[in-house]
Amino acid sequence: MSTPSLADLPIRRLTPRDLAACADLSEDRGWPREEHKWGFLLTSGKGYGIDDPDGGLVSACVVTEYGPQDRPELGAIGMVLVAERHARKGIGRRLMRHVIAAMGTAPLTLHATPNGRPLYEELGFKVTGRAEMVRGHFTAAAYEPAVATRPATAEDLTAILRLDEEVFGADRTHIVTRLPAFADQLRVAEEDGRIIGYAGAWRNMDNHVVGPLVARDTETAKALIASLAARTDLRLRTDIDVRHGELLTWVKDHGLASVAFNSVMTYGISELPGDWRRRFAPVTVAAG
């Protein structure tokens, strides 16, 4: 029996049962397996993949939808991967076109590496921003927070959801409500009994990723980062919108170093909704 061509292999929806295959695909491309992150994305978003007749996956990606379930207001595309043995054969382009068609008229966003950006530009995505990944052991020397922080509680959820939707510009209930189980830490910043920011830190290999990071202002963002760092021995990693230059300078002064830059790209909208001034870092670039 002849082996079907790559162009004939069907694209299907992935489920949490595909987690190991997705992690294998990451490893195949020289990425960490990131099973914790894959699990989060496959349960909170929609995975798409192509099965390899010889076993495993040819390609995969995840779309995280925001807003009403039946008519999403925004879709974030992430973890777009093609197995090394099938690279440069147009498979990533085919999978992306499938996802764009599946999302209908919903605007889309993604974080593109320099290598991925040309494909996304060819598909109609435009660069509308930039994020800088920083990583390192945070040192709190000579820092005195100007804002009080504390662990988030179940009673804070309504206020966190309200703040998050205001800042993000779309309903992210299905993401925010998963954070207590996904993150090792979830903290809020408070002033006069009112929540003015929140942030999580979740384990990704040998790092704690800080995200999401939502804060009234830079001083609040600093206090949240410092409070998360004080409660882990791992290196911190986060992806900060480059428009927050003061925060980037501050984290570098406290031990974090620049690792990479990603282009924030959009399709169908000229800029992301919400208030970027209070949106400092995503939960993960894969989920926008």
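The values are calculated or read from the model by the stated rules, or taken from the named source; none is laboratory data. Small disclaimer: the values here were computed from a predicted structure and weren't measured. Neighbour counts are summed over all protein chains in view; Cβ atoms, including those assigned to glycine, are modelled from backbone coordinates with ideal geometry. Surface areas here come from the heavy atoms of the whole protein model, side chains and all, with no ligands, DNA or RNA. Shrake-Rupley method; radii C 1.70, N 1.55, O 1.52, S 1.80 Å.
What FRET efficiency comes out for residue 20 versus residue 261 if R0 is 35 angstrom and r is the Cβ-Cβ distance? Round to the nearest 0.05.
0.65
DSSP finds beta bridges in the chain, and of those with both partners inside it, around 90 percent are antiparallel.
At the residue level, residue 12 shows approximately 80 square angstrom of accessible surface with a 1.4 angstrom probe and all protein chains present.
Converting phi to 3J(HN,Hα) with the Karplus coefficients 6.51, -1.76 and 1.60 and the offset θ = phi - 60°, the range 55-61 yields x, x, 10, 6, 7, 7, 7 Hz in sequence order, with x at every glycine or proline. When a/c reaches 1.5 or more, the comparison of a/b and b/c decides; with that in mind, is the range 226-288 rounded, prolate or oblate per its Cα gyration tensor? Prolate.
Placing +1 on the Cβ of every Lys and Arg and -1 on the Cβ of every Asp and Glu, with no other charges, gives the range 241-286 a dipole of roughly 40 debye about its Cα centre.
For the range 64-80, 3J(HN,Hα) computed residue by residue from phi via the Karplus equation (6.51, -1.76, 1.60; θ = phi - 60°) reads 9, 9, 10, x, x, 4, 8, 8, x, 8, 6, x, 9, 9, x, 6, 7 Hz, glycine and proline entered as x.
Equivalent ellipsoid semi-axes for the range 149-281, as square roots of 5 times the alpha carbon gyration tensor eigenvalues: give them largest first, rounded to whole Å. Working from the Cα gyration tensor, I get semi-axes of 20, 20, 15 Å. Computed from point charges on the beta carbon alone (+1 for Lys and Arg, -1 for Asp and Glu), the dipole magnitude for the chain about its Cα centre is near 520 Debye. Residue-wise HN-Hα couplings along the range 139-156, as the Karplus relation 6.51 cos²θ - 1.76 cosθ + 1.60 with θ = phi - 60° gives them from phi, are 10, 8, 3, 6, 9, 10, x, 8, 10, 7, 10, 7, x, 6, 10, 4, 5, 7 Hz; Gly and Pro carry x. Counting heavy atoms of the protein chains alone, residue 214 has an accessible area of about 0 Å² for a 1.4 Å probe.
Taking the chain as the reference, fit the longest principal axis to its C-alpha atoms, fit the long axis of helix 35-44 to the helix C-alpha atoms, and give the angle between the two in degrees, 0 to 90, nearest 10. Helix 35-44 sits at roughly 80 degrees to that axis. Note on residue 101 and residue 144: their simple-model spin labels are 6.2 nm apart, each label 7 Å out from Cα toward Cβ. Each other residue within a Cβ distance under 13 Å of residue 128 adds +1 if Lys or Arg and -1 if Asp or Glu, for a net charge of +1. State log₁₀ I(q)/I(0) for the chain at q = 0.13, 0.14, 0.16 Å⁻¹ as given by the Debye formula over alpha-carbon point scatterers of equal weight, solvent excluded. One equal scatterer on each Cα of the chain leads to -0.88, -1.01, -1.30. Rounded to the nearest 0.05, what FRET efficiency do residue 157 and residue 206 give with R0 = 41 Å and r taken as the Cβ-Cβ distance? Could you check? Here the calculated transfer efficiency is 0.85. Round to the nearest 10 and give me the degree value, 0 to 90, for the angle of helix 218-229's Cα axis relative to the longest principal axis of the chain. The two axes meet at around 80 degrees. Measuring r between the beta carbons of residue 246 and residue 71 and using R0 = 45 Å, the FRET efficiency lands at 0.75. Distances between placed amide hydrogens fall under 5 Å for residue 57 paired with 52, all partners being 5 or more residues away or on another chain. The stretch between residue 192 and residue 115 holds 23.1 nm of extra length on full extension. This uses 0.36 nm per residue minus the Cα-Cα distance. The residues neighbouring residue 96, those whose beta-carbon lies less than 12 Å from its own, together hold a net charge of +1 under the Lys/Arg +1, Asp/Glu -1 convention.
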